[in-house]
Amino acid sequence: MSDPWANLRKLQPVSRLFGSDRGTPIDRYYIEQFLHANSELIRGRVLEIGDPGYTRQFGGDRVTQSDVLHAVAGNRKATIVGDLATGEGIPTDAFDCIILTQVLPFLFDVAGAVRTCHAALKPGGTVLATVPGISQISRYDMDRWGDFWRFTSLSARKLFEPAFSGGDVQIESFGNVLIATAFLQGMAMHEVTTEELDHRDADYEVIVTIKATKRQT
């Protein structure tokens, strides 16, 4: 395979599929590191969106009940059909953990979705969320239900802190100019080094992570 860094002076990216056609997308490195670092919180009754893959991978036998939320009927993996933005169909004070990776960009009412997550958590429960910073449009999502938002660490904090007032909100960002360039080009994880991935530059946020815990009553 030719070196994708050899000539970037062109109008087409290396991949339009976030690098998934070349290997593992770069953003998954940060998402999975975040979930691994907080895996002890993935326990009890856990809600994930679309499928339970990360619940299984990082929760293991700490999970006593795994639920999957989908917006419309027809997903055989779904145990709950509901609207994250309005809260319709989603139980309250029910979950010990909500895994919300790369979901908020595709909901126009992100503030409503965060309020729903807070309401759905048990006291002391935690949402583990990730959102994109510097990223291409997801054409698949844009053409179906919409791709609305990109975030910074500050906008994530302003979004979560009001909903989780009295609780605890921790925000981190990951990325640098090299990784942002590689991700926009659609290069895969194996085409950059761990050292390059781990270097942080606050002016180039590729992924923002949010750990938000509901106040104990």
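The values are calculated or read from the model by the stated rules, or taken from the named source; none is laboratory data. The structure presented is a predicted model; accordingly, all values stated were derived computationally and were not measured. Cβ atoms come from the backbone with ideal geometry, glycine included; neighbour counts cover every protein chain shown.
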Matching residues, the range 30-57, being more than 14 Å from D96 (Cα to Cα) and part of a helix (DSSP H, G or I): Y30, I31, E32, Q33, F34, L35, H36, A37, G53, Y54, R56, Q57
Selection status of G60, on the phi > 0 side of the Ramachandran plot, in a loop (DSSP other than H, G, I, E, B) and either out of contact with any strand residue (DSSP E or B) (no Cβ under 8 Å at 6 or more places or on another chain) or in contact (Cβ under 8 Å) with a residue 60 or more places away in the chain (or both): no
Segments classed as helices (runs of 4 or more DSSP H), wholly inside the range 78-196, with at least 3 members that are surrounded by 15 or more Cβ atoms within 10 Å (Cβ to Cβ): 110-120, 153-163, 177-185
Pairs with Cβ under 6 Å, 6+ apart, first in the range 126-146 and under 15 Å from F108 (Cα atoms), second part of a strand (DSSP E or B) and modelled with pLDDT of 95 or more: V131/V208
Residue match in the range 93-107 (condition: farther than 24 Å from E161 by Cβ, of a type outside the set (D, E, K, R), modelled with pLDDT of 95 or more and over 16 Å from the mean Cα position of the chain (by Cα)): no
First in the range 158-182 and more than 15 Å from T130 (Cα to Cα) and touching a residue at least 24 places away in the same chain (Cβ under 8 Å), second anywhere and buried (at least 22 other Cβ atoms within 10 Å of the Cβ) and of a type in the set (G, A, S), Cβ under 7 Å, 6 or more apart: F164/A212; G167/A212
Residue ID - modelled with the lowest pLDDT, chosen from residues in the range 11-51 that are surrounded by 17 or more Cβ atoms within 10 Å (Cβ to Cβ), farther than 21 Å from H118 by Cβ and β-branched (V, I, T): V14
Residue among A120, A188 that alone is in contact with a strand residue (DSSP E or B) (Cβ under 8 Å, 6 or more places away or on another chain) and more than 29 Å from S20 (Cβ to Cβ): A120
